[in-house]
Each structure stands twice: as structure tokens, then as C-alpha cells.
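Notes follow the structure.
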Amino acid sequence: MSLTLEDVARIALLSRIELSPAERESTRDQLNGILGFIEQLQAVNTTGIEPMAHAVDVVQRLRPDAVTETDRRADFQAVAPETEAGLYLVPRVVE
Amino acid sequence: MSRWEVVIGLETHAQLQTKSKIFSGSSIAFGAEPNVQANAVDIALPGVLPVLNREAVVCAIKFGLAVGATIAPRSIFARKNYFYPDLPKGYQISQFEIPVVAGGGLAIRVGAANDPNATATEKFVHLTRAHLEEDAGKSLHEDFHGRTGIDLNRAGTPLLEIVTEPDMRSSAEAVAYARALHSLVQWIGICDGNMQEGSFRCDANVSVRRPGEPLGTRREIKNLNSFRFMQQAIDFEVQWQINEITEGRAIRQATVLFDPDTGETRSMRSKEDAHDYRYFPDPDLLPLEIRPEWIAEVKAGLPELPQAMNARFQSEYGLSAYDASILTATRAMADFYIAAVAAAGAGNAKTVANWIMGELAARLNKNDMAVDASPISATQLAGLIQRIADNTISNNIAKKVFEALWNGEGSSADEIIEKQGLKQITDTGAIEALVDEVLAANQKSVEEFRAGKEKAFNALVGQAMKATKGKANPQQVTDLLKKKLGV
Amino acid sequence: MSDLFNSSLRQLAATLTARKISAVELATLFLDRIDRLNPGLNAFIALDRDKTLAQARAADEKLNAGAGGTALTGIPLAHKDIFCTKGWRTSCGSKMLENFVSPYDAHVVEKLAGAGMVTLGKLNMDEFAMGSSNETSHFGPVKNPWDVSRVPGGSSGGSAAAIAARLAPAATGTDTGGSIRQPAALCGLTGLKPTYGAVSRYGMIAFASSLDQAGPMAKSAEDCALLLNAMAGFDPRDSTSLERPTEDYARDLEKPLAGLRIGLPKEFFGDGMDADVRAAVDAALDEYRKLGAITVEVQLPNSGLSVPAYYVIAPAEASSNLSRFDGVRYGYRAPEYSDLAEMYSRSRAQGFGAEVKRRILIGTYVLSHGYYDAYYLKAQKIRRLIAADFQEAFKVCDVIMGPTSPSVAFAFGAKSADPVQMYLSDIYTISTNLAGLPGMSLPCGFGNNNMPVGLQIIGSWFGEAKMLNVAHQYQRVTDWHTRMPKESK
């Protein structure tokens, strides 16, 4: 299974990464190279094998319900690209 | 063929009543200055990690128990990936393949909400699942030089998303379900139910079909934050879909918003992009394990549920099904009733019900107040009812005392009766003297009565009551009058 | 005194506690070396003399008081720029975070500072830890101090080069697929990747969350043990941090190795390894036999699948982890855009380098609708097979050994044109990350062009103390770990 330019465009859109038409072609070739390499996984019989999502087999630890954080808005917004009146600003969102 | 069947499923987001966020130690209190309750985890600084709030899980377990669902011994948190400015991580932590709660359902009554004589239909709405997830922040579209402002205080607020099967067949059923759910989540104390503040939000999946045909294509109405809007939005949407189909246009799956100003639904532009959420297990969170002992512990702390209480009110106190359903409609109402019965004695349970549903409900309605804001407490009402029961006051005087209690003229019925001298006159000697006076002063009425005019007797009773400002025991007055008149 | 820059941590601690040198003087000694040697190496990408000396002065106060210090008080170290460090620019080697001054400290940074260590600066790395040669850094490649025409390895290449050139006695690193061990091998150092969950990931900028683990890099196993003592431990802010009793990782250093069973996976000794690497590894194994260890052959039949499985799992997690870099709350925002969608896609196109974008795209693809089962789920199943192989192998051995990297450090540009060739340089290290196992690399000689060769030790789960013991006993009878590049003297 190899990717088309349309596939690359769709993946780039989902990833929110702008690709020029020229980049799209080189990206397609590189991604197909990597996917070709990954393809060898398909040959392995994994019937009945439980997927392993975590490196350790333990269960989620739970946090007591307590407010432990204080207002640090000024610190956090010191590194923000654009703020006003305590809000982060972005181009207008149309719903 | 003009008949259409409406098919509705609801997805409800209930904000859970915890102190802190689902994955961080920020407060979830409503109404703070923008972004002051958005800590490093909430704004997704590089390197931060989520840790699950135990209380959010307790809320999910309570809900699962209350709707008779299965609570998963092991459930998984997944990432739902999409870009949106109010979603700081670029993914929402939710549950996908294995939710914490599966199945269960809610019994609803449709069509008799305000009328004891109407026949209500009972219906059972099946739940598909309920899962834990985090809320997003808020986008503020008012003008910041043509830009949108992002407030992340709400980001990370714990939500329980409750999803039904497509079981509802009308907007009335949808609203009845939503009301029942709204009452239940407050009843078990997991959500404050404040719809204005967005604590309880519904999305409705609506489709229409000819009876017997497969399900039609659905459109999802987002963010219905009042029962009235829900009804209006669904009604509009149903009519719109019928018109489209009738005019030969196919319905396309879409997400729509309801505009309360126009009463119409419209497609959301921002949702037009094809979505592919790329769910996968969140590697930062391990499987959530819920052992049977934990479920048992939560169960032990759960209040009596509305359905059980309804049945108990009927069997124990002899209430009608209608009365029992009104008194168990909300936790606050039930709490008030139970407290009043406890103070007044079980023998007065029916009188208590009548007073709550009569005088008190009317007063609360008139003042647009909820029962938990009632100026008359359950104990005060019980004190009043006890004085009726022991003949200290008559029903009519009781209304006066109720009025005085409402206005805060005294702290108890006894105090008001004492202070205002409303105690019923039951001393036979005093009443006999009174009756003699009344007979002497109203010879005309006496004669009319003797001439066979029944009404004249009532006038004499009235005179006696008037002379005592209503305090004389009406039964004793009647009995003595009859004796004196030789009836 | 002038060779203090080549001393062990214990020697430094002794000199500091004896007050033969102050922490300020020691920090200054290293800062001066950095000023002199770093321009030719590009290992440090953030320095702040005032901050460093302030920390050193605080350490001196503790040391003067005679109490309240730890075994590490006053000893300088440097942090890989993946660790959020309060008040320091924390870039993760990316243009995306070129101007990001962290408002908080990572758990590891906090713990090492708490132990009295003095931060010399922040170290260069492959962008978002994605690379095996340090060529993907936005701040330019790090050069290998043994031969500046060669790569130092990656992604913790800055950490490795800094220690190899004796610009810092120790450094932090992170290892997602070999990023501590491979650069340690290529620069002639000792580096350890702990068991997953032993060191908190809080404040460590995530690449692939289920694989990432922080660890120490230093000259010797003993130094690594002391550093790990300060880095490891439960952190309630990381759900994957394990609640275990505190342990002294140096406790077994002096245990003799007689009877030690060393497992040699035949899959690690096949054709993939260069002859010079093989010769050095074989010689090291002979040394171990002399120390009383026995070697047994073990099998890791699925280890050949570790690289392809990794290049599904790691990019999948990364594609999601890196979504937060959207130009809204911090980080790079493109100067020109017409709407929100363009702001996102341009900020990310301009803020991320080529390798990072490649992995985000691959990760997005393998998680996307219709491909999830074939790629992501499949890779997760194979991950379990790989972990099970190790479980089986540890039934017959105490540690596993093999090469860390198939070759010595390669020249710049040698593999950067072909991503898959680059990925294969981690062929011996990746399987331990997939299994969550601890692994380390220690110098075991020199190969072609007099470049260092690394011996890899893989331990069983929580076998750090054992691995460190095994490494330390070797370092007692060899001196590879004390060698340093000529130009650095």
C-alpha cells in the first residue's frame, strides 16, 4: 500500500502541517520509503496476542480531589504569542 | 402516506461536582477571571502530565449504579485528536473503546407532568454508555479586534458523557428523558444541574423515517442548554427534515446549532472538515481499575434512588402514584418531604403531602422559587401540621399561620399561634356562653331556621365564628347550636 | 587541581567537602572550559553564568555549614534541553520553542537541584529527541569530540559531547529508542536508561510517552549510580511513575561477578554489526569471563521487528504529543496567515524541522481511520511479543549483553538522506524501550579511526543495581572510560 499525493495532502491537513506542492511529492516518497520498511510487520502472525499500550503492567493511580494550584496566569502568558485581558487571542473562529 | 416516525438519541455532558479538575489540581469553580484557573497541565505546557481525580471516578460509579448499568472493572482512557484553539493539547482525553459505564437506562413519564388526572405513559430509555472525559475551554467571539479570545478555565473540568440508544420518538419524550436525567444526576449529587452555567448540556441526534423503514440519516443538534430550546430545536429540525425529504432532497449527516432568536437550526461551518479523531489509548494514563469492593463502598453511600422512594411513599404513606412522583421529582423536593414527615410524624404523611403540593407549591410557584429556597422550613411546616392534627387550630387558621410563617412573623407555628392568639377555643363552657349570645342577638335567623330555612343555621355558625375571629372549634359550635335549637 | 574536570563524582565531592575548592570555583572551571571548547562542538545551546554561579554559591553555603549537603552538593551538571528548567530557555532543539522560557522545573531538574547540583547550562539535542545523529537540531549539529567530522549520536548528542569533552562531569539524557545509550557509545561514555517508570517524566517534553525515560550520562557506572540515586523515585505528577521503595543504586557496585550469567542474544551478533565493533565487544566479553562470569546464548526471535514496530508506535504517540505546539499559548507562531487553519499549518510547517514533520505525518497516518488496526494495533501486538522474548531470556541469564550500536560514529551526512538507514542505527537499543527494560552502554574499546565502541548491558525489570554492578566491575579492571579526546585535554 503506497501513498498518493492526495493521501499526503489529507494527512498533512489532519496534522495541520502546510506542505507546498513540491514538498508534497518529496514527502510522499519519503513516507512511502518508511511505510515500505514498516510493511514487514504484516507478515507476523499476531493472532490472540494482546496489544501492549504501556511499558508497565500496572493500573491507574488516583489523585485525591483537592485544589492544589494557584493562579499563575501572568507567568504563563509571559511566553504567549498574543494575549489581551487575560485571554489568548487567535484569528476569529467561525462556528 | 403522511405519517413519519421521529427517532431521537441524546448525548448529555454533565459536569461533575468535584473540587478540582479531572486531570489537574485546578479549581473548577464557575465565574473566575479568564485563565486564572488554568494551570500548567490545563494549558498543556510542554512536559506536563495528567493524573486522574478519584472523585470523578466515584461520580461515574454512582451514576452507573443509579441507572442499573455495568461498571467496567477495567476501562481505558483514549486521546481524541483534533485541533481547536480551546483544546490546548490538540486532543481531548476521553474514553472510547471501553467506557467506565455501559448499559442501564432510565424510566420516564411522558405527558402528565402538571396534571394529576391526565394519563402518563411510562417509557424506558436505554443507555448505551457513560464515559469520563475532560471539558474544553471557551472561545469568546466578542470583538477583540476581529479575533477570538480563549479562556481555558473550563478546560479539564470533569464530564460524564451519557449516551442513550435512539429510543425516543418525540421531542416530548426527549425532554422527559432530559428532565429525568437532570433530576437524577442532582439526586445522586454528581452534577449541580446548572444549565445556564453549562453544567448540563445536551446534544440531540435527530432523524425521521417512515415507520418500519431503516433509520434515516441523522443530524446532531449541539449544545441545547434549556429544556424549552430542546423542544423547539427538535420540533424545528423534525419539520425541516420532513420537508427536505418530501421535496426530494436527501438528508446529509451534519452538526447543527439551534438559534433561540430565530427558532431555527443551522449547520456549523467549523465542523465541515472531515474529521478523523485518531483515537488511541492515552500512553500517559494507565487502565482504570474498579474493584467490586470499591463499587460496594460507593453503593453503601448512595442515597435512596427516586424510583425506590416513589414506591415506598405509596406503600408506606399511602400516597397516590401521582403524588409520589411529584414528591420524588427532585432530590430537594423529596428531602423536604422526608424531613417534614419525620418532624410531623408518619401519621401525618398524607397531610404533609397535601400541604407541600398545595399551599407551599402554589406559593413557591408564584414567587418562582425552588423548594430548597422555601422561607418555610420542613420543620416549620411540620409544626403547623401538628397543630392542625391536635385541633389547636382549624384548617382556616392554619392558612393564616402559614402566611405568617412565610412572612417571617415568627420562628414556629406555635410562636405565631401564641403571639397572635390564634388558639382554637375548645372550652365547652365558653362556647356555650358564646352560642347563647349569638342566639339572643340573632332572633331573626333563629326564627327563619325554625321555619325550615336550612341556610339560617349556617349564618348562625358564621356569626359564632366571627365573634371569636374564627378561633372557636367549628364542630363544637355546630354541635351546641343544634342542641340549643333542639335539632 | 587542574585535572578536576576529569575527576569522578566521588572525587569531586571529596574535594568539595574538604573545601579544597569551592562550588563556585568548580563551576567557573567548567564554564571557562565551555567558553573555550564549546564553539567547536556546539554541545551547549543555553548558558547563564549568573544563574549557575548563584546556584554554586548556595551549594557553598551548605558545604560551609558542614551539614545539609548530599553526595552531589556543589557538583556541576548540564541538562538536555528536553527538560523544562524554570527561568531557562527550554527549546527541545526546535525552532518551535526557540523563545520558550519555561515557567516550571521538570521533576528531574527539581530533584538534582534539590540534591545541591549546579546547572551549567542546557544541552543541544535532536529536535524533539527525534534523531540518532544530532543533525536534526534547529541549533545546528553537535560535533563528536573524538572527531569533529563525525556525529556524536543522538538524540542526547549534546549531553554526550559535553561529557566526552569534559565540559561537564555529568548530564541528563533521555532515551526513547536509544537516545542515551547510542550517543554514550559513540562518544565513549557510560549512560543508563532506567526501567520505564523509575524516573518521573514530569517536565520532560514528551516524544513517545510509553517509551520515553530519563537517565544519567557520565564517565563511569559509579557516577551514573550516584546520579540515578538523585533522579529516580516516585512522583505523584506522573501517572506512570512507579511507587517503589527508595533504593541505593550504588549498593551492589563492589559485588564480585563470579557466577554471573551473561545472555548473548544470537540476533545481536549477526551480520549487522561492523567488524571493529564486534572485536571490541568480544574482547569485553572475554574480560567478563576472566571476572568469573559465564556466557549463555539466548534468543530474542522478534527483536528484528523492533525497529519497524517502533517506527509505528513512536510516531503515533509523537503525532499526538506534538499537537499542543499550535502557536496559541506559547511557542512559534507564523508571522503571516489569513485565518486560523493557516495559522496552525504555517506555524507548524515553519516551527518544526523535516524529521519531526515526517514523524508527525507517519504517526497521523498509522492512527487514521482504516489503518489503525493494520499498523498501530499490529505494532502493539508485536511489542508484546518482543517483551515476552526478554522475559523468556531472563529465565536463563542475569543480564544480556551485546553491542550498543552497529558501528562507531559515522560522518555527518552519511545517513541523513535515508531516514530508514538512520533508524537502523538504533537496532540494538530499541527493543529495551518497547519492553520497558533498563539498559546501559559503557565504553569497551576503540574501533576504526580510533572511535569509541560501546558495550550494551540490558537488565531485567528494575535490574539497575545489578547492571551498574556489572558495569562497575568491568571499569575497575579496564580504563576505557577514563580515556578522553586529545583536543579536550
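The values are calculated or read from the model by the stated rules, or taken from the named source; none is laboratory data. Just so it is clear, the model here is predicted, and its values are computed rather than measured. No Cβ is skipped: glycine too gets one built from the backbone with ideal geometry, and neighbour counts run over all protein chains shown. For accessibility, only protein heavy atoms count, side chains too; no ligands or nucleic acids. Shrake-Rupley method; radii C 1.70, N 1.55, O 1.52, S 1.80 Å.
Would you give the gap between the C-alpha center of region C:88-154 and the C-alpha center of region C:404-473, rounded to a whole Å?
Distance between centres, Cα-based: 19 Å.
What number, in nm² with one decimal, is the all-direction average of the projected area of the convex hull of the alpha-carbon atoms of chain C? Could you put the intermediate results ahead of the total?
Working: hull surface 86.5 nm².
Its average projected convex-hull area is 21.6 nm².
How high is the relative contact order of chain C? Use alpha-carbon pairs under 8 Å, at least six apart in sequence, and give a whole percent. List each step's numbers first, then the result.
On the way: 1184 pairs, mean separation 87.9, N = 489.
Result for chain C is 18 percent.
How much of the pair distance distribution for chain A lies past 23 Å, counting alpha-carbon pairs only, in percent? Working shown, then result.
Details: 2943 of 4465 pairs.
Of all Cα-Cα distances in chain A, 66 percent exceed 23 Å.
Set the Förster radius R0 to 41 Å, insert the Cβ-Cβ distance between C:Ala279 and C:Ala67 as r into 1/(1 + (r/R0)^6), and round the FRET efficiency to 0.05. Let's see the in-between values first.
Working: r = 50 Å, r/R0 = 1.23.
E(calc), rounded to 0.05, equals 0.25.
Give me a single rounded figure for C:204-212: the average over its residues of other chain Cβ atoms within 10 Å of their Cβ. The partial results should precede the final answer.
Values: counts 3, 4, 6, 0, 1, 7, 9, 2, 2.
Mean shielding count: 4.
Take every DSSP beta bridge whose two residues both sit in chain C, then give the antiparallel share in percent to the nearest 5. Present the calculation step by step, with values, prior to reporting the outcome.
Details: 29 of 41 bridges.
Restricted to chain C, the bridges split so that about 70 percent are antiparallel.
Work out the FRET efficiency for B:Glu197 and C:Arg244 from their Cβ-Cβ distance, taking R0 = 60 Å, and round it to the nearest 0.05.
Details: r = 43 Å, r/R0 = 0.72.
So the FRET efficiency works out to roughly 0.90.
I need to check one value: relative contact order of chain A, counting alpha carbon pairs closer than 8 Å and at least 6 residues apart, in percent.
On the way: 25 pairs, mean separation 16.8, N = 95.
It rounds to 18 percent for chain A.
If you line up the long axis of helix A:5-15 against the longest principal axis of chain A, both from Cα atoms, how many degrees apart are they, to the nearest 10?
Approximately 20 degrees, to the nearest ten.
Scanning chain C for helices, which whole DSSP H stretches are 27 Å or more long along the axis (Cα) and average 0.0 or more by Kyte-Doolittle? Each step should come with its number before you reach the end.
Working: long enough: none.
Length and hydropathy pass: none found.
Per-residue mean of other chain beta-carbon atoms within 10 angstrom of the beta-carbon, peptide C:375-386?
On the way: counts 6, 5, 5, 7, 6, 9, 10, 6, 6, 6, 5, 1.
Taking all residues of C:375-386 together, the mean is 6.
Taking amide H atoms as placed 1.01 Å from N in the peptide plane, list the residues 5 or more away in sequence, or in a different chain, whose amide H sits under 5 Å from that of A:Arg63.
B:Leu52, B:Asn53, B:Arg54
How big is the shadow of the Cα convex hull of the protein assembly as shown, averaged over all directions, in nm²? Provide the component values of the computation, followed by the final result.
Numbers: hull surface 224.1 nm².
Mean projected area for the protein assembly as shown: 56.0 nm², to one decimal.
Once every Cα of region B:1-130 carries one equal point scatterer and solvent is ignored, give the base-10 log of I(q)/I(0) from the Debye formula at q = 0.09, 0.23 Å⁻¹, two decimals.
Summing over Cα pairs of region B:1-130 leads to -0.41, -1.46.
In deg cm²/dmol, rounded to 500, what helix-only [θ] at 222 nm does the protein assembly as shown give when every DSSP H run of at least 4 residues adds -39500 (n - 2.57) and the total is split over its residues? Walk me through the numbers on the way to the answer.
Numbers: 34 runs with 395 residues, N = 1071.
My calculation for the protein assembly as shown gives -11500 deg cm²/dmol from helical runs alone.
Rounded, prolate or oblate: which fits region C:372-460, taking a ≥ b ≥ c as square roots of the Cα gyration tensor eigenvalues, rounded meaning a/c under 1.5, else prolate when a/b beats b/c? Kindly include the intermediate steps, with their values, before the conclusion.
Details: a/c = 3.82, a/b = 1.24, b/c = 3.08.
Taking the square roots of the gyration eigenvalues as a ≥ b ≥ c, region C:372-460 is oblate.
Using the Karplus curve 6.51 cos²θ - 1.76 cosθ + 1.60 with θ = phi - 60°, what ³J(HN,Hα) values do you get for each residue of region B:122-128, in whole Hz, with x for Gly and Pro?
Result, ordered by residue: 8, 8, 10, 9, 7, 9, 7 Hz.
How large is ³J(HN,Hα), in whole Hz, for each residue of region A:21-37 in order, when computed from phi with the Karplus curve 6.51 cos²θ - 1.76 cosθ + 1.60 and θ = phi - 60°, using x for Gly and Pro?
Once rounded to whole Hz, the list reads x, 5, 4, 4, 5, 5, 5, 4, 5, 5, 5, 5, x, 5, 5, x, 5.
Under 20 Å from the 7 Å Cα→Cβ point of C:Thr295, by amide nitrogen: which residues of region C:168-192?
Correct set: C:185.
Sort B:Trp294, C:Trp480 by accessible area with a 1.4 Å probe, largest first. List each step's numbers first, then the result.
Details: B:Trp294 25, C:Trp480 75 Å².
So, going from the largest accessible area down, we get C:Trp480, B:Trp294.
Answer rounded, prolate or oblate for region C:1-118, using the Cα gyration tensor with square roots of eigenvalues a ≥ b ≥ c: rounded when a/c is under 1.5, else prolate when a/b is larger than b/c, else oblate. The partial results should precede the final answer.
On the way: a/c = 2.37, a/b = 1.47, b/c = 1.61.
Note, shape of region C:1-118 comes out oblate.
Based on the Cβ-Cβ distance from B:Tyr322 to B:Asn223, what FRET efficiency comes out when R0 is 41 Å, to the nearest 0.05? Spell out each step's value before the answer.
On the way: r = 34 Å, r/R0 = 0.82.
Computed FRET efficiency for B:Tyr322 and B:Asn223: 0.75.
Provide B:Asp372, B:Asp259 ordered by accessible surface of protein heavy atoms (probe 1.4 Å), highest first.
On the way: B:Asp372 120, B:Asp259 50 Å².
Descending accessible area places them as B:Asp372, B:Asp259.
Please list, in order along region C:203-220, the HN-Hα scalar couplings obtained from phi with the Karplus expression 6.51 cos²θ - 1.76 cosθ + 1.60 (θ = phi - 60°), rounded to whole Hz, x for Gly and Pro.
x, 9, 5, 6, 9, 10, 4, 7, 10, 4, 8, 8, x, x, 10, 7, 7, 9
How large is log10 I(q)/I(0) at q = 0.11, 0.12, 0.20, 0.24 Å⁻¹ when the Debye formula is applied to the Cα atoms of region C:297-397, each weighted equally and without solvent?
-0.48, -0.54, -0.95, -1.14
For region B:1-60, what is Rg from Cα atoms divided by 2.2 N^0.38 Å, rounded to two decimals?
Its radius of gyration relative to the 2.2 N^0.38 Å reference: 1.76.
Label B:Phe30 and B:Glu297 with points 7 Å out from Cα along Cα→Cβ: what is the distance between them in nm?
3.1 nm
Ordered by packing density, taken as the mean number of other Cβ atoms within 10 Å over each peptide's residues, highest first, how do C:284-297, B:69-82, B:152-165, B:222-235 rank? Don't skip to the end; give the middle numbers.
Details: C:284-297: 15.6, B:69-82: 20.7, B:152-165: 24.4, B:222-235: 18.9.
Order by mean packing, descending: B:152-165, B:69-82, B:222-235, C:284-297.
I'd like the projected area of chain B, averaged over all directions, using the convex hull of its alpha carbons. Report it in nm² with one decimal.
Working: hull surface 131.8 nm².
If I average the Cα hull's projected area over directions, I get 33.0 nm².
Quick check: Cα centre of region C:16-54 to Cα centre of region C:326-383, how many Å?
Their Cα centres are 38 Å away from one another.
Residues of B:71-84, mean number of Cβ from any other protein chain within 10 Å of their own Cβ, rounded to a whole number?
Details: counts 0, 0, 0, 2, 1, 2, 2, 1, 5, 1, 9, 3, 11, 6.
Taking the mean over all residues of the peptide, I get 3.
Output the residues of region B:139-160 meeting this criterion: accessible area (heavy atoms, 1.4 Å probe) in the chain alone minus accessible area with all protein chains in place is 50 Å² or greater.
So the qualifying set is B:His141, B:Phe144, B:Arg147, B:Thr148, B:Ile150.
Quick one: which residues, 5 or more positions from C:Ala46 or on another chain, have an amide H under 5 Å from its amide H? H modelled 1.01 Å from N in the peptide plane, none for Pro or chain starts.
Amide H neighbours of C:Ala46: C:Lys122.
Quick query: amide H of C:Ala170 versus all other amide H atoms, modeled in the peptide plane; which residues come in under 5 Å with a sequence gap of 5 or more or a different chain?
Under 5 Å from the amide H of C:Ala170: C:Ala78.
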